[in-house]
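Below is one structure, written out as structure tokens; comments come after it.
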Amino acid sequence: MTYSSPTRWVPQRAPVSLPAWQEVPLFSALRRGLACRCPSCGAGKIFQGYLRVFSRCEVCEAPLGQARADDVPPYFTILIVGHLIVPSMLIWERLAAPALWLQGMVWVPLTFLLTLVLLRPIKGATVGVTLKLGLLRPEDAP
């Protein structure tokens with residue numbers, strides 16, 4: 001009795017057409033997000049407030065509100081601000097040895113301002129990357 005190997009079944013795949021908002025290079029999505037513009041078209045705005053993201057782009061209808069930013073923007077903001085402020089504090093302390101009240105007057109407001117300035121573009125970049133990678137939450141999620 002001879003055994004013949006069965007032919008391997010391969011499913012027929014229909015060509016998948018991606019929406020226009022997914023056909024952007026990663027670097028472009030990141031750069032546009034840093035500029036607080038739509039990562040897909042670069043023309044629409046991401047934010048309708050300081051950190052609140054529009055649900056859809058007003059120009060290209062990209063689902064901006066479904067992009068999951070979560071804890072990434074605060075994490076990177078703290079990382080960047082910490083790496084700028086702490087070495088600067090240590091260098092100033094080593095070179096000039098200023099009074100403690102003077103250091104507080106300089107570093108606390110500077111840390112606060114840097115955090116506020118960097119948080120929004122970092123969140124925009126995060127939205128751009130998550131949109132590009134397709135890490136979207138479902139439509140019905142809040």
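From the set of residues in the stretch 64-101 that are of a type outside the set (A, V, I, L, M) and at pLDDT below 90, which is nearest to Leu118 (Cα to Cα)? Residue satisfying both the conditions and the ranking: Asp70. Put simply, of Arg94, Arg32 the only residue that is assigned to a helix (DSSP H, G or I), without any contact (Cβ under 8 Å) to a residue 24 or more places away in the chain and either on the phi < 0 side of the Ramachandran plot or not basic (Lys, Arg) (or both) is Arg94.
Restricting attention to the stretch 45-62, report how many residues are surrounded by 15 or more Cβ atoms within 10 Å (Cβ to Cβ) and either basic (Lys, Arg) or modelled with pLDDT under 90 (or both). Can you show your working first?
Just the residues of the stretch 45-62 that are surrounded by 15 or more Cβ atoms within 10 Å (Cβ to Cβ), to begin with: 45-47, 53-54, 56-57, 60-62.
So of that shortlist, the ones also either basic (Lys, Arg) or modelled with pLDDT under 90 (or both) come out as 45, 56-57, 60-62.
Total satisfying the criteria: 6.
Selection of the stretch 35-69 for residues being outside any loop (DSSP other than H, G, I, E, B) and under 15 Å from Arg120 (Cβ atoms) yields Arg37, Lys45, Phe47, Val53, Leu64, Ala67.
Pairs meeting the criteria (first residue in the stretch 53-78 and closer than 12 Å to Leu136 by Cβ and of a type in the set (S, T, N, Q), second residue assigned to a loop (DSSP other than H, G, I, E, B) and modelled with pLDDT under 85, beta carbons under 8 Å, at least 6 apart or on different chains) are Gln66/Arg137; Gln66/Pro138; Gln66/Glu139; Gln66/Ala141. Of everything listed in (1) more than 15 Å from the chain's Cα centre (by Cα); (2) free of Cβ contacts under 8 Å to residues at least 40 places away in the same chain, the single unmet condition for Gly42 is (1).
Among (1) surrounded by 16 or more Cβ atoms within 10 Å (Cβ to Cβ); (2) part of a loop (DSSP other than H, G, I, E, B); (3) of a type in the set (Ser, Thr, Tyr), which single condition is Thr77 missing? Exception for Thr77: condition (2). Annotation: Val24 fulfils all but one of (1) in a loop (DSSP other than H, G, I, E, B); (2) at pLDDT 85 or above; (3) within 16 Å of the chain's Cα centre (by Cα); (4) of a type in the set (A, V, I, L, M); the unmet one is (2).
The values are calculated or read from the model by the stated rules, or taken from the named source; none is laboratory data. These figures come from a predicted structure and were not determined experimentally. Don't worry about glycine lacking a Cβ; one is built from the backbone with ideal geometry, like all the others, and counts go over all protein chains shown.
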